[in-house]
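In what follows, a single structure is set out as structure tokens and then discussed.
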Amino acid sequence: KAGVTQTPRYLIKTRGQQVTLSCSPISGHRSVSWYQQTPGQGLQFLFEYFSETQRNKGNFPGRFSGRQFSNSRSEMNVSTLELGDSALYLCASSFLGGPGGRETQYFGPGTRLLVL
Amino acid sequence: AQKITQTQPGMFVQEKEAVTLDCTYDTSDPSYGLFWYKQPSSGEMIFLIYQGSYDQQNATEGRYSLNFQKARKSANLVISASQLGDSAMYFCAMTPAGTASKLTFGTGTRLQVTL
């Protein structure tokens, strides 16, 4: 099976712009989660989508939003970019039936966003 | 709220030796999952091993084993027979019961395997 794919891999934007990142989960996975990784804050959970509905949400401002399509592909949007949004954005997909019968998240390679 | 603590920012180990990466956690949930991920310089998080809070035995996956001590709230990763390719960041993470979709991560340990 193909792994989780994310596009684009690298992105440079300027403050005030908006950006859309895309994630294609592993075939058969219906849950997609997004994480932000920065040197200062580490890895932080943004939100999770399951069957086109947001199921969980982290503590991020409303500038961060997402959606999921019927084929489970997900997009994440950040509006009015700030310098502090520069980060590695990781997408992960999961399915039931992982080790011990629990879900296990499998991550994509990430999108590196630089805000100038 | 859940919290993961990794107190070793960096570790060195010689090739073919075993190494233990420390992880302690804090949660008020009676049931939870514990995970270890490896992140090479390329950025992708690679799943290594999982331990459920009610699992009676320590988890093992090839050269990886998890030393789970529930009373001490620790979930240390043991890598046996280290290889040069094991050089990477290692993250301990946990989730509430019933889901792996809201991972709380520690700050990570950078492991360097030397000849």
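The values are calculated or read from the model by the stated rules, or taken from the named source; none is laboratory data. Since the model is a prediction, treat every value here as computed from it, not as a measurement. In this analysis, Cβ positions are derived from the backbone assuming ideal geometry, glycine residues included, and neighbour counts consider all displayed protein chains. Accessible surface areas use protein heavy atoms only, side chains included; no ligands, DNA or RNA. Shrake-Rupley method; radii C 1.70, N 1.55, O 1.52, S 1.80 Å.
Things worth noting here:
- Modelled FRET efficiency - R0 22 Å, B:LYS3 with B:GLN57, Cβ distances, 0.05 increments: 0.30
- Residues of the stretch B:49-76 whose accessible area (probe 1.4 Å, heavy atoms of protein chains only) drops by at least 40 Å² once all protein chains are present, relative to their chain alone: B:TYR50.
- Inter-centroid distance (Cα atoms) of the stretch B:33-80 relative to the stretch A:51-73, Å: 28 Å
- Pairwise inverse Cα distances across the stretch B:51-115, averaged and inverted, put the Kirkwood hydrodynamic radius at 13.4 Å.
- Average projection area in nm² (convex hull over Cα atoms of chain B, one quarter of hull surface): 6.8 nm²
- Over 24 Å [Cα-Cα, the stretch A:1-113], rounded percent: 20 percent
- Shielding by other protein chains, B:100-111, mean Cβ within 10 Å: 6
- One quarter of the convex hull surface built on the alpha carbon atoms of the protein assembly as shown amounts to 12.5 nm², the projected area averaged over directions.
- Fully extending the segment from A:LEU83 to A:THR38, taken as 0.36 nm per residue of separation minus the present Cα-Cα distance, adds 15.0 nm.
- Most simply put, chain B has about 85% antiparallel DSSP beta bridges, counting only bridges with both residues inside it.
- Max mean-square fluctuation residue, GNM over chain A, Cα-Cα springs under 10 Å, options A:GLY40, A:GLY16, A:GLY66: A:GLY40
- Chains B and A together, accessible area buried on both sides, 1.4 angstrom probe, square angstrom: 1800 Å²
- Taken per residue, the accessible surface of chain B reaches 47 Å², heavy atoms only and a 1.4 Å probe.
- Protein accessible area in the stretch A:37-97, 1.4 Å probe - carbon and sulfur %: 49 percent
- Per residue, chain A exposes 47 Å² of accessible surface when a 1.4 Å probe is rolled over the protein heavy atoms with every protein chain present.
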